[in-house]
Amino acid sequence: MKRIYLDYAATTPTHPDVVEAMLPYFSDSFGNPSSIYSYGQEAKGAVEKAREQVAALIGARDDEVVFTSGGTEADNSAIQGVALADPERNHIITSATEHHAVIETCRFLERRGFKVTYLPVDKEGLINPDDVRNTITEKTCLVSIMHANNEIGTIQPIKELAVIARGAGVLIHTDAVQTAGQIPVNVDDLGVDLLSISAHKLYGPKGVGALYIRKGTKLVPFMHGGGQERNRRGSTENVPGIVGFGKATEIARNVIAGEIERQTQLRNHLISGILEQIDGVRLNGHPTNRLPNNVNVSVDYVEGESMLLNLDLENICASTGSACSSSSLEASHVLLALGLTHEQAHSSLRFTVGKWTTDEDIDRVSEVLPRVVARLRAMSPLLKSHK
Amino acid sequence: MPDIQSLYSEKVMDHFRNPRNVGEIENPDGTGHVGNPICGDIMELYIKVNGNIITDAKFKTFGCGAAIATSSMVTEMVIGKTIDEALEISNKTVAEALGGLPAAKMHCSVLAEDALRSAIDDYHSKQKKQSKTKAKAKKK
């Protein structure tokens, strides 16, 4: 039976054209971009072409794009780089629903004397811009708020937050790992100083990402080494990965408009299918201001991992915010921040559609999920206590 | 090809797909209710005891694959055992009977053991109450 992959927010398959673009840079044009002979210069040329492609996706200048090992490194570099750049300022503002790459970096800095404000979100996952305005002090060095949430898909009003932050002379970073290539992302339109992206979320390879650094932004380098990336990030460039990343962003630019429309339809079709067929289901995240590819629901009385296992037995791949799927045994901090109970957080399911998702795939989920839920509810002790 | 099922042994997946003894027992001789919503696993275990032998056991569980499989396995293991024999069942014997559990899921087997002990405790306290009321009735 065909496997139905509905976890594109976790990772995407690498586009065949991307793989093809990468292949020459493993064994043929294998040179080190720092070398002056032809092998090296071929590789350097390829890296610079990719830099132009990535810059074009986000409306940046080429020299404002620094390649990293992925979104996590981009987030770490941005936050630690700003925090260490100005010894006079030691306060960071972020949100309760950030990706672990941001939250854990902030916690790391807190243990080293920084003050961090974790702003709450409303029940649909939105930041209140007034909260940013009211928590900025003269000690604030950075506001770091994600563009869209990886679990619930809620899109934050970054443009508005940037006006507030920059108006107060504070730098603003956004983790755009879930939005770059999925919805329009333009650094000038958003008004951000720093922006993180990842290749493997937009049909590029794993292990490569980028940090956009607005020209003039003071940042302490995260990786010290041989002066690559204009002294911003030491380490021999991941040439095949960077080439693939560039190609993936070029493809994304060409297809984004049509994909937004198509994926929004698939998303809405799936949401209505689930809500109509199963009682006791709530949609998590914002009803409209959400990523075109994201569906996140809590299914009363049923635990997430047990649903995932049953779906997997039917060849459907999805995701959950339940503790039981993680090593920490804690339910999703994002869902709890929305005000969900622990039961509701453990009962969540996330489906994220993508390039190769079809109407038939969505129909199949709408057919299988009610059966899975009924089966698990029959053995749920929670259902009885609510009768 | 690797998939989520390789997280669990074949035996765990068998009990997850075809759980034994799902449901409740009317007027059970002992009930165990363990777990909490924060950790995401809640188990209810019901036992019927005749003489000193557990003649039936059923469960209801809200939890992951391992939680459901350990609940199912523990019901299968206790039926036909005496109370003393049942008390010898530990989380390790349940996990072993399932062909092992991933390290991160061992807490599920602890929950199954707790559910069983709690059901047996409940059985004992009900027995005490009964003998007291019987004793009272005799005095009268």
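The values are calculated or read from the model by the stated rules, or taken from the named source; none is laboratory data. Note that the structure is a prediction, hence the values are computed from the model and not measured. Because the Cβ atoms are built from the backbone with ideal geometry, glycine has one as well, and the counts that use them run over all protein chains shown. Heavy atoms of the whole protein, side chains included, go into the accessibility calculation; ligands, DNA and RNA do not. Shrake-Rupley method; radii C 1.70, N 1.55, O 1.52, S 1.80 Å.
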**Test for A:Ile362: is it within 24 Å of the chain's Cα centre (by Cα), open to solvent by less than 20 Å² (accessible area, probe 1.4 Å) and under 17 Å from B:Leu7 (Cβ atoms)** = no
**Asked** Would a scan of segment B:69-88 turn up a residue that is within 14 Å of chain A (Cβ to nearest Cβ) and in contact with a Ser or Thr (Cβ under 7 Å, 6 or more places away or on another chain)?
**Response** yes
**From the options A:Ala148, A:Ala78, residue that is crowded, with 18+ Cβ neighbours inside 10 Å and over 28 Å from A:Ala345 (Cβ atoms)** = A:Ala78
**Asked** Looking only at segment B:103-115, which residues are open to solvent by 30 Å² or more (accessible area, probe 1.4 Å) and under 14 Å from B:Tyr8 (Cα atoms)?
**Response** B:Ala103, B:Ala104, B:Met106
**Asked** Condition test on A:Ser29, is it in contact with a helix residue (DSSP H, G or I) (Cβ under 6 Å, 6 or more places away or on another chain) and of a type in the set (S, T, N, Q)?
**Response** yes
**Request:** Only one of these is in contact (Cβ under 8 Å) with a residue 12 or more places away in the chain, closer than 15 Å to A:Gly59 by Cα and either crowded, with 23+ Cβ neighbours inside 10 Å or not small (Gly, Ala, Ser) (or both): A:Leu171, A:Leu194, A:Leu161. Name it.
**Result:** A:Leu194
**Asked** If you check B:Lys92, B:Lys60, B:Lys48, which single one turns out to be within 10 Å of the chain's Cα centre (by Cα) and of a type in the set (Lys, Arg)?
**Response** B:Lys60
**Request:** With the condition kept exactly as written, say whether any residue in segment A:203-215 is surrounded by fewer than 23 Cβ atoms within 10 Å (Cβ to Cβ) and outside any loop (DSSP other than H, G, I, E, B).
**Result:** no
**Prompt:** Out of segment B:8-55, which residues are polar (S, T, N, Q) and touching a residue at least 60 places away in the same chain (Cβ under 8 Å)?
**Reply:** B:Ser9, B:Thr31
**Request:** Determine which single condition B:Leu98 fails, assuming it passes every other condition in (1) open to solvent by 10 Å² or more (accessible area, probe 1.4 Å); (2) more than 11 Å from every other protein chain (Cβ to nearest Cβ).
**Result:** (1)
**Request:** Please list, ordered by first then second residue, the pairs with beta carbon atoms under 7 Å, 6 or more apart or interchain, first in segment A:16-27 and within 10 Å of A:Val239 (Cβ to Cβ), second open to solvent by less than 70 Å² (accessible area, probe 1.4 Å) and outside any helix (DSSP H, G or I).
**Result:** A:Met22/A:Pro205
**Message:** Among the listed residues B:Ser118, B:Ser131, B:Ser125, B:Ser90, identify the single one that is surrounded by fewer than 12 Cβ atoms within 10 Å (Cβ to Cβ) and within 18 Å of B:Tyr46 (Cα to Cα).
**Reply:** B:Ser125
**Message:** Between a residue in segment B:85-96 that is touching a residue at least 24 places away in the same chain (Cβ under 8 Å) and any residue that is part of a helix (DSSP H, G or I) and charged (D, E, K, R), which pairs come within a Cβ distance under 8 Å, given they are 6 or more apart or on different chains?
**Reply:** B:Leu87/B:Arg117; B:Ile89/B:Glu113; B:Val94/B:Glu113
**Item:** Filter pass, A:Ser272 being in contact with a Gly (Cβ under 8 Å, 6 or more places away or on another chain) and either open to solvent by 20 Å² or more (accessible area, probe 1.4 Å) or hydroxyl-bearing (Ser, Thr, Tyr) (or both)
**Value:** no
**Request:** For segment A:17-39, enumerate the residues that are of a type in the set (Val, Ile, Thr) and open to solvent by 80 Å² or more (accessible area, probe 1.4 Å).
**Result:** A:Ile36
